[in-house]
1. Report the Cα centroid-to-centroid distance between segment 240-315 and segment 133-159 in angstrom, as an integer.
2. Whole-Hz Karplus ³J(HN,Hα) for segment 236-249, in order, using 6.51 cos²θ - 1.76 cosθ + 1.60 and θ = phi - 60°, x for Gly and Pro?
3. On full extension of the chain, what length is gained from T205 through I85, given 0.36 nm per residue of separation minus the C-alpha to C-alpha distance?
4. How much of the pair distance distribution for segment 55-144 lies past 21 Å, counting alpha-carbon pairs only, in percent?
5. Please give, to one decimal in nm, the separation of the simple spin-label points placed at V246 and I322, each 7 Å out from Cα toward the Cβ.
6. Could you please rank L124, L153, L346, L271, placing first whichever residue has the fewest other Cβ atoms within 10 Å of its Cβ?
7. Taking a label point 7 Å from the Cα of S263 along the Cα→Cβ vector, which residues of segment 166-200 have an amide N closer than 17 Å to it?
8. Can you give the extra length, in nm with one decimal, that the chain gains between E119 and L40 once fully stretched, where that is 0.36 nm per residue apart less the Cα-Cα distance?
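Every number here is computed from the coordinates shown, using simple stated rules; none is lab data. Bear in mind the structure is a predicted one, so any value in this text is a computation, not a measurement. With ideal geometry, Cβ positions are generated from the backbone for all residues, glycine too; neighbour counts draw on all protein chains shown.
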Amino acid sequence: MQDGEQLQQAAWRRLKKNKGAVFGMVVILLSILISLFAYLLAPDASANANRMIVEIGGKTPGYQQTFLLLKKDGVPQASFVKRIISGKQEAVIYLPVSSYQQKGDSIIVEKFIDEGVYETQILLLTASLKQSIVTKKFWLGTDKYGRDILSRLLVGTRISLSVGFIAVIISLSLGIVLGALAGYFGGKTDAIIIWLINVVWSIPTLLLVFAITFLLGKGFWQVFVAVGLTMWVNVARIVRGQVLGVRELEYVEAGRALGFTNSRIIFRHILPNIMGPVLVVAASNFASAIVIEAGLSFLGVGVQPPQPSWGLMIKENFNFIITHNPMLALAPGIAIMLLVLAFNLLGNGLRDALNVK
């Protein structure tokens, strides 16, 4: 046990010296914190950051707009826990205005409709002027529906990390079990599992994901399962090869001699000694899952609107790349690139720290 702890400490020291891996861990940790507290950090804390103000659609980063807040009736107050999990229901309507003037208990506003187009409205002032008039700055601009890009980017972090996490759990569960069975028992068991691996391996990943997605339907949870069911092959091949290399070693033979069951030998003695390569491929699979989910959402068969998937945000705004506001599509693209780079750097660092061959 002490030797194992010393090896872990040595691996951790090597990992901390790898600047790329440390950068990856910092980015991943920040992403996890952002995903957990997205609705508290986002300027738009409505469900899915889906506050649509079509009059200000397609604005550039740094755009500022003054709003008159019109209170809605009968909107329940969301609890703190519910706000963290799913945001809050909007209690006001945001009316974009270019100018305003209070007269008694009424307010005369020039409603902003488009550049140079205004409409004069007289409305009852239900609260103080200071509470009713706010100016908001959209740091990354707004999409064509007038939704805040920064808010949707923050909330969309949950989608990418969730898809990666669930897909890796599914792929590791299937891959480790099938790979360990194939490597340990050999013979017909190995032949059947290898045949299955070769069949799945021969099908293009994106085509297989399409098939599973169409079978399960479009949606949030379906993407998790579809991506996870296509990524277990790498894990199974690596685990099988590792088990083949250790199944005849002394500690495995000692376990058989002591009468341990096959399942105990596999899961309590063999697998803990071959987890280095599995951790490396898990980090790689996490990055692949994020890219696949973004691709599916871009093609319209992944996460469905109004959920703020990064791939879906690129799909909705990619036409702005060649116009006046390319940041609408570049921002989620840069976010995907950074998160994928972080997991790849962490995977490379784990490979070096754990001396994976």
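1. Taking the Cα centre of each part, segment 240-315 and segment 133-159 sit 35 Å apart.
2. 4, 5, 5, 5, 4, x, 5, 5, 4, x, 10, 5, 9, 6
3. Details: separation 120, 0.36 × 120 = 43.20 nm, distance 3.22 nm.
Taking T205 through I85 to full extension adds about 40.0 nm, to one decimal.
4. Numbers: 1711 of 4005 pairs.
Here the long-distance tail beyond 21 Å is 43 percent of all Cα pairs in segment 55-144.
5. 5.4 nm
6. Values: L124 9, L153 22, L346 27, L271 19.
With the fewest neighbours first, L124, L153, L346, L271 line up as L124, L271, L153, L346.
7. 173-174, 176-182, 184-185
8. Working: separation 79, 0.36 × 79 = 28.44 nm, distance 3.41 nm.
Additional length available on full extension: 25.0 nm.
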